[in-house]
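Values in this text are rule-based calculations from the coordinates and carry no lab data. The structure presented is a predicted model; accordingly, all values stated were derived computationally and were not measured. Counting neighbours? That spans all protein chains shown, and the Cβs are built from the backbone with ideal geometry, glycine included.
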């Protein structure tokens, strides 16, 4: 249309200073969608809840039970029982508007409502409960929506599905309801009773599921698509939680009291041994295993962000700083679990998603990160400004974790994926015949020699760009 006007000799009117900025798009999975709280248009079978109300602690009985709300039975998720639901197509809802029947639980809407009314950005929430990175990537049912996001800011959570579900085990009256592929990687039953596997065993299973689902490749493709379409992207990591249904520690659900009933994960403790003839190596808890798996998943997400930042350095017109990471206060989340006095975790789904108070915390995490990285949503009343500025970079970043100095041939070795300032770290190898980087980890080959690595983290707010080289002797 612009070309037609120009060819006709008609002047194009510049955008008015009073025109609203493009909508900030929130996308991804159930955390961003606000699962557990009904949306303004619910169209799934047996869902009759009112917007912003939570679904009850019920397995099957009555409308709005967990079996009705769970996305596990659908090939393509339809976003039921999610605060942003709009007949299964949340992108059709348009920008959020305040009102008695407007959604107000999900962190995107809490941010929208808290903005300075004179300096506010339109907010849309396109997340879909149950969606995976593959479903947003090329060939997936939500790839069209992904490609339509252009020239704006994006906030997202993505990557937990289907990894988390692979750890869930639930039985009702001894009948299996859920039995994920990794559930039995947590404990085993011997002649003398139950024994726990070490947390590293659980992490290995999580890593296998991650690789099997090609999570890193799909995540990186999603990030790259958004950057190519001239967006700025804020990737939020997942908060700390431990569902009672994690692993095979306490699989028997409470039929009467529903999914909200369970024992706190730290109370579930066993001695550690990996087999009947293996030595006993201390003890562990359901909590320690669950947190280890979550930390591993967050590390993979950070590695994907860091890898795409490295890629962006080679792309004309794309700044590595246009994709950044927000990290919840994990220590604070540990004190506000589903059974705590002021829970940030929703109880009625076996303790997985954020409660309304949890969404408030995620809103704070996002606005703080957006202000620091992009100069937007700063202040007590978050403000969206036409000329954002960020603080002068004065803080030196350092790696969180150590880099090995030695490695054996044909092994994979963990590398730090974040700085102590909570920014993603990307790695490159200048000696690809000796070592390389795969999903953020160091991989060595048959050849001995010096493996030369470079770590890179973008400038973020007042934190300086980080770049450093390391040598690992491979033999």
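Here are the numbers:
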quantity: Antiparallel content of DSSP bridges confined to region 24-374, in %, to 5; calculated: 45
quantity: Relative contact order (%) - the chain, alpha-carbon pairs under 8 angstrom, separation at least six; calculated: 13
quantity: Ellipticity estimate at 222 nm from DSSP helix runs (n ≥ 4, -39,500 (n - 2.57)) divided over the chain, nearest 500; calculated: -7000 deg cm²/dmol
quantity: Geometric extent, Cα atoms of region 93-203 - Rg, Dmax (angstrom); calculated: 20.8, 69
quantity: Two-decimal Rg to Rh for region 245-340 - Kirkwood Rh, Cα set; calculated: 1.15
quantity: Cα-projected label distance for residue 192 with residue 445, points at 7 Å along beta-carbon direction, nm; calculated: 4.7
quantity: Rg to Rh, two decimals, where region 406-474 supplies the alpha carbon set and Rh follows Kirkwood; calculated: 1.03
quantity: Global geometry of region 206-249, whether rounded, prolate or oblate, following the gyration tensor of its Cα atoms and the 1.5 cut on a/c; calculated: oblate
quantity: Length added when fully stretched, residue 208-residue 228, from 0.36 nm per residue minus Cα-Cα; calculated: 4.2 nm
quantity: At R0 = 35 Å, FRET efficiency that the Cβ-Cβ distance of residue 380 and residue 267 yields, to 0.05; calculated: 0.35
quantity: Span from the region 259-327 Cα centroid across to the region 80-133 one, whole angstrom; calculated: 28
quantity: Over region 161-299, equivalent-ellipsoid semi-axes from the Cα gyration tensor in Å; calculated: 31, 19, 13
quantity: Taking the convex hull of Cα positions in region 150-205, its mean projected area over all directions (nm²); calculated: 6.6
quantity: Cα gyration tensor, the chain - rounded (a/c under 1.5), prolate or oblate; calculated: oblate
quantity: Region 434-449 versus region 135-168: alpha-carbon centroid distance in Å; calculated: 30
quantity: Whole-number percent relative contact order across region 406-474, with pairs defined as alpha carbons under 8 Å at least 6 apart; calculated: 34
